[in-house]
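Novice: Here it is: the structure, laid out below.
The values are calculated or read from the model by the stated rules, or taken from the named source; none is laboratory data. All values derive from a computational prediction rather than experimental measurement. Positions of Cβ are generated from backbone atoms using ideal geometry, with glycine treated the same way; all protein chains shown enter the neighbour counts.
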Amino acid sequence: MVAKTDDWLSREQIDEVIDNLSGADLIEGLADGANKTDAKISTVAFDTAAARLKVSNGSPASQHVRASDYRSLTKRVSEVIAADSPLPEGPTD
């Protein structure tokens with residue numbers, strides 16, 4: 001059985017969630033980050049933000065993202081995380 005169209009988040013909805021990520025959403029995604037991939041960190045941050053924004057219906061919002069949109073989602077959230085991370089103060093090796 002194929003999911004109904006309204007079961008999927010639109011790209012506009014996905015972008016809206018990403019544009020409204022909070023510091024707390026990112027911290028939740030980064031918690032215990034040593035054992036997480038960028039995709040997992042991005043997914044947790046996205047799900048946390050979507051729940052706060054009431055975009056999800058009680059299930060994780062990432063379950064309503066088409067696979068074809070997921071790569072873009074993880075890339076954008078990773079860019080937000082990289083942009084919000086402080087730069088090192090000293091020289092790098």
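Novice: Restricting to region 22-49, what's the tally of residues that are under 13 Å from L73 (Cβ atoms), touching a residue at least 40 places away in the same chain (Cβ under 8 Å) and among the hydrophobic types (A, V, I, L, M, F, W, C)?
Specialist: 1
Novice: Just checking, how many residues over region 1-39 are basic (K, R) and either in contact with a strand residue (DSSP E or B) (Cβ under 8 Å, 6 or more places away or on another chain) or at pLDDT 85 or above (or both)? Give the steps one after another, and end with the answer.
Specialist: First pass over region 1-39, keeping only residues basic (K, R): 4, 11, 36.
Narrowing further to those that are either in contact with a strand residue (DSSP E or B) (Cβ under 8 Å, 6 or more places away or on another chain) or at pLDDT 85 or above (or both): 11.
Looking only at that region, the number is 1.
Novice: Looking at S85, S78, S56, S42 in this structure, which one is of a type in the set (S, T, N, Q), modelled with pLDDT under 95, surrounded by 14 or more Cβ atoms within 10 Å (Cβ to Cβ) and over 12 Å from the mean Cα position of the chain (by Cα)? Walk me through it before giving the result.
Specialist: On the way: S85 fails: surrounded by 14 or more Cβ atoms within 10 Å (Cβ to Cβ); S78 fails: over 12 Å from the mean Cα position of the chain (by Cα); S42 fails: over 12 Å from the mean Cα position of the chain (by Cα).
Unique residue meeting the criteria: S56.
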